[in-house]
1. Please list, ordered by chain and number, the residues whose modelled amide H lies under 5 Å from the amide H of Gln55; skip anything fewer than 5 residues away on the same chain.
2. Can you compute 3J(HN,Hα) from phi for each residue in segment 227-240, using the Karplus curve 6.51 cos²θ - 1.76 cosθ + 1.60 with θ = phi - 60°, rounded to whole Hz and x for Gly and Pro?
3. Towards the positive end of the charge dipole of the chain, with charges on Cβ (+1 Lys, Arg; -1 Asp, Glu), say which of Ser295, Ala168, Asn51 has the farthest Cα.
4. Report, in debye and to the nearest 20, how large the dipole of the chain comes out about its Cα centre when Lys and Arg carry +1 and Asp and Glu carry -1 on their Cβ.
5. Local charge sum around Ala50 (other residues, Cβ-Cβ under 15 Å, Lys/Arg +1, Asp/Glu -1)?
6. Per-residue HN-Hα couplings for segment 333-349, Karplus 6.51 cos²θ - 1.76 cosθ + 1.60 at θ = phi - 60°, whole Hz, x for Gly and Pro?
7. Less than 11 Å Cβ to Cβ from Pro231, Lys/Arg counted +1 and Asp/Glu -1: what total charge do the surrounding residues give?
8. Work from the charge dipole of the chain (Cβ charges, +1 for Lys and Arg, -1 for Asp and Glu, about the Cα centre) and give the residue of Gln338, Thr257, Ser314 farthest towards its positive end.
Amino acid sequence: MLRISIFAIALLLPWAGQSQAPAPAPAGPPAVPVTTDAARVGPVPVQILANGTVQSESVVTIRPRVDGQITQLHVAEGQTVRRGQPLFNLDARLNQALLQQQEAQLMRDRAQATRTQLDAVRYQSLRGESFASQQRFEQAQADAAAAAATVQATQALIAQTRLSIEFATITAEVDGQLGALPLRVGNFVRQAEINSMGTITQTNPILVQFNVPERWLPAIRDAMRGQTPPPVTVRVDGDSGPPAEGRLVFVDSQVDTATGTITLKGRFNNADARLLPGQYVQVSLVPAVQANAISVAAPAVQTGQQGRHVFVVSDGVARRRPVTLDRVLGDRAVITGQIAHGDRVIVDGAQRVNEGTRVVDRSAAPQRVSALEARP
């Protein structure tokens, strides 16, 4: 009986082994969803960003050049004026009376000069006939010369008086915008007074002053040697319009040793008065264009213990590529490294991957499946 049981157990053992299925192999980690963007290789402008201050090319202080009482005011505070436009009129009646007196004196001096000139001619003929002495002839010549000089002196006084009358009308010396006008009709002004009658600030064209690090100086100098100065754009905080465009016109002759920067100025057309002196603006200078520059989306550049790097998707796997960040231009980062044009660089999700991590690109366009492929 024992022998039959052992035999039955031996027959059942093979069947028992076949009833147990083999254990499945352990599955790998799931692919990490990421978003990618294509790297670009091509010309990229060299952009220098800085903060600047708007400045006027000239601010003219209005001062009187003659003494007098203000009789007329032709402009209002804050008004835009053109060069030569009348601003104030001063009382010029005293100088006008003086001019009439000097003009009458000139007529007398001219008559005196004519008489002495005729005397000199007469004594010259008499001297030739020995009817007049040499001394009398020389005296006549001296009287004629003195009378001519008196005429010239009177003419100079008349010119001076006419200039004083012209100065009684104070005009704008430059195109610009008037500031506050502290004096009104009835005030008496003097040439020697320190206080001004107002200011005129030139606003078109206008300057923007800014400082950049001295490492950009070689590129800026090369750009200034060209036929066209490099472009400069500025944007005012809160201004939703396009940035103002101008040209670089000034590079300082020395570097500030305290800050390691150099002062630059750009000139802008400002007919619409978008820029006002004293404003703080954001400046962008483009001295050159870099050819064959590698650019990627700025968020793609990561920083780790071994420096900056990006992840490139190759055959569904993330590959780490070390890079050097040159500069950021808008939403693009200009880098150097082993990156080719068109490489898919991880932009969103790079913090969740490592070298060799399997990824799935969510930014890839979904493939269309035809009706025949969809049938079982």
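1. Here Leu207, Val208, Gln209, Gly278 satisfy the definition.
2. Once rounded to whole Hz, the list reads 6, 10, x, x, x, 10, 10, 9, 9, 9, 4, x, 8, 7.
3. Ser295
4. In debye, rounded to 20, the chain gives about 1000.
5. 0
6. For segment 333-349, the Karplus-derived couplings read 10, 8, 10, 10, x, 7, 10, 9, 5, x, 4, 7, 9, 5, 9, 10, x Hz, x marking Gly and Pro.
7. Result for the local shell: 0.
8. The one lying farthest along the dipole's positive direction is Ser314.
A short reminder: the numbers here are calculations on the coordinates, not readings from a lab. Model, not experiment: these values are computed from the prediction. Heads up, the Cβs are rebuilt from the backbone with ideal geometry, glycines too, and the neighbour counts pull from every protein chain shown.
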